[in-house]
Amino acid sequence: MGSWNTEIPKAEWYDKDSPGLGALIREVADQKKIAIDTETTGLNVWKDVPLFWSASWGEKRVCLPADTLPLFKEAFANRDTHWYFANAKYDMHILANYGIHILGKLVDIQVMHSLLCDDEPHGLKYIAKEVLGWKWSDFKDTFKLGPGRTYQDELMAAFHTDRTRLVEYAANDAYGTMQAGEVLNKRLESTVTFGGYPYMYNTLGDIFWKTEMPFTRVLYKMERRGVLLDLNYLQSVSAPIDKESMDIEKERFRRHGSLSISPSDDLLKRLIHGEGLTPLKWTKGGVKGIKKPSMDEEFLAYVAHKSTSAKMALDHRKLKKMKTNFIEGMSKFADPHDRVHARFNQDTARTGRLTCSAPPLQTIPNPEADEFKIRKGFVARKGFKLICRDFEALEMRVLAAQSGEPDMLKVFANGWDIHMGNASMVFNIPYEDIAKAKKKPKEQLTEYDRECLEYRRRIKVIGFG
């Protein structure tokens with residue numbers, strides 16, 4: 001039983017001295033599909049390494065120390081083997097840090113699950129509970145992570161004093177990954193989908209195996225290479241950002257005395273009660289359940305042209321975020337070669353788009369709106385160049401082509417901006433008026449111009465939503 005709520009095969013331990021290790025190596029090499037998981041020194045994808053690893057296939061689940069990994073190089077080199085992971089790119093990075101490179105097909109069950117249940121969590125424990133009805137203890141419950149203790153400390157302590165607990169826990173993840181993967185695959189293959197390419201995609205299984213599965217390795221390679229930074233340049237931007245933040249603070253104090261620049265109760269009182277602005281939404285209320293008008297960035301941006309206080313708060317927040325994310329943040333994430341290995345998430349956005357985290361590179365300011373030129377801090381290595389390419393309204397073009405909606409097709413045929421065209425039709429505003437407003441500098445915008453741009457923004461949100 002172990003820490004599971006269901007009967008499962010007994011976990012087996014193998015090390016270099018185990019008499020059955022040779023047979024196990026041959027058995028692993030013969031598998032067409034096999035699940036693998038790692039227990040590591042930490043969570044840093046460019047420096048942490050495996051301490052132990054586990055594998056599962058059929059009714060087998062095993063756990064081994066990391067020093068046995070090189071003995072399985074024949075299995076890892078087989079390009080036809082399907083390797084099931086609960087977090088493929090992460091484990092691939094950890095293995096690569098140890099010199100192990102899996103050349104077979106990467107099957108990530110989190111990506112599988114995201115196709116079927118895009119609005120749910122995709123962690124292994126959640127997937128196993130929802131898909132298999134199984135529940136077992138997580139790391140902190142199993143090893144009781146103590147104050148000042150690391151994952152590595154607890155794993156090694158268990159290895160020396162309670163190896164059965166370690167083996168049981170590690171082998172659980174591999175076994176659960178394999179079993180959940182089998183069920184998820186059946187669901188994907190039986191879920192019919194519709195689109196413009198019926199000769200290629202008839203089920204969610206087609207989408208996963210033909211597009212998502214091979215794309216996982218592409219993203220892994222992107223993460224592995226990372227993005228090169230000019231940290232000296234980024235650091236040089238810090239002083240101008242600090243100066244502009246201080247200027248805003250001084251102006252705020254000159255105008256309002258002790259009014260806080262951040263979205264606090266003071267700001268709320270001034271904007272809502274003092275200036276009579278209408279909130280867009282309310283907070284959830286926190287622990288005490290007291291809901292208040294939200295002072296988030298969306299609201300501040302919406303009223304910035306009406307309120308100096310809101311504009312100062314918005315500008316100050318953007319400066320703070322810029323410094324935190326791109327000056328201090330990039331240095332924190334950079335490896336010894338000044339490269340950042342951000343995570344490209346295949347399973348988070350409901351629209352199917354990628355997201356990026358640790359750090360969130362997609363939040364780098366657009367060059368047109370960035371007086372500090374943050375993008376100059378992302379560079380190519382000597383002898384290479386970075387290029388920037390972007391599809392123009394790709395999703396909307398696909399939507400128009402697939403739906404055959406005549407007005408959308410007309411907008412594209414006219415060479416118009418799709419969001420301006422839709423806003424023109426929905427709100428009965430001349431397209432030319434919205435286009436003129438879009439080209440004007442912010443300081444020259446009239447109230448009517450701002451209304452036109454706000455209509456375009458709303459339509460864009462609806463279109464992508």
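The values are calculated or read from the model by the stated rules, or taken from the named source; none is laboratory data. As the structure is a prediction and not an experimental result, all values here were calculated from the model. Positions of Cβ are generated from backbone atoms using ideal geometry, with glycine treated the same way; all protein chains shown enter the neighbour counts. Heads up: the accessible areas ignore ligands, DNA and RNA and are worked out on the full protein's heavy atoms, side chains in. Shrake-Rupley method; radii C 1.70, N 1.55, O 1.52, S 1.80 Å.
Values as computed for the structure displayed
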{"item": "Accessible area of the chain belonging to carbon and sulfur atoms, whole % at 1.4 Å probe", "result": "53"}
{"item": "Segment 188-336 - Kirkwood radius from inverse mean 1/r over Cα pairs (Å)", "result": "19.8"}
{"item": "Residue list for segment 366-383, given a label point 7 angstrom along the Cα-to-Cβ vector of C356 and an amide N cut-off under 18 Å", "result": "366-381"}
{"item": "Rounded to the nearest 20 debye, dipole of the chain from Cβ charges on Lys, Arg, Asp, Glu", "result": "1160"}
{"item": "Viscosity 0.890 mPa s, 25 °C: Kirkwood-radius Stokes-Einstein D of segment 1-122 over Cα pairs, µm²/s", "result": "161"}
{"item": "The chain: Cα Rg divided by the 2.2 N^0.38 Å rule of thumb", "result": "1.18"}
{"item": "Relative contact order (percent, whole number), segment 125-193, Cα cutoff 8 Å, 6+ residue spacing", "result": "37"}
{"item": "Mean projected area (nm²) of the alpha-carbon convex hull when segment 352-465 is viewed from all directions", "result": "9.9"}
{"item": "Simple Cβ-charge dipole of segment 298-431, Lys/Arg +1 and Asp/Glu -1, about Cα centre, in debye nearest 20", "result": "660"}
{"item": "Share antiparallel - DSSP beta bridges, the chain, percent rounded to 5", "result": "70"}
{"item": "DSSP-loop GluC sites (Glu not before Pro) across segment 271-303, with at most 16 other Cβ within 10 angstrom", "result": "E275"}
{"item": "Point-to-point label distance, E59-A435, nm (Cα→Cβ direction, 7 Å offset)", "result": "7.1"}
{"item": "Dipole-positive endmost among L267, V461, S56 within the chain (Cβ charges, Cα centre)", "result": "L267"}
{"item": "Histogram of C-alpha separations across segment 64-126, 10 Å bin width, %", "result": "20, 45, 26, 9, 0"}
{"item": "Highest to lowest packing among 146-153, 385-392, 22-29, scored as the average C-beta count within 10 Å", "result": "22-29, 146-153, 385-392"}
{"item": "Positive-pole candidate from V303, M213, L229, dipole of segment 178-324, charges at beta carbon", "result": "V303"}
{"item": "When each of K105/K385; K311/K440; K318/K442; K105/K221; K243/K292 is checked by Cα-Cα distance, pairs over 21 Å", "result": "K105/K385; K243/K292"}
{"item": "Accessible surface of M200 - all protein chains present, 1.4 Å probe, nearest 10 Å²", "result": "70"}
{"item": "Cβ crowding within 10 Å averaged over residues, with 88-100, 52-64, 340-352, 169-181 ranked highest first", "result": "169-181, 52-64, 88-100, 340-352"}
{"item": "Dipole in debye (nearest 20) - segment 10-129, about Cα centre, beta carbon charges: Lys, Arg +1; Asp, Glu -1", "result": "180"}
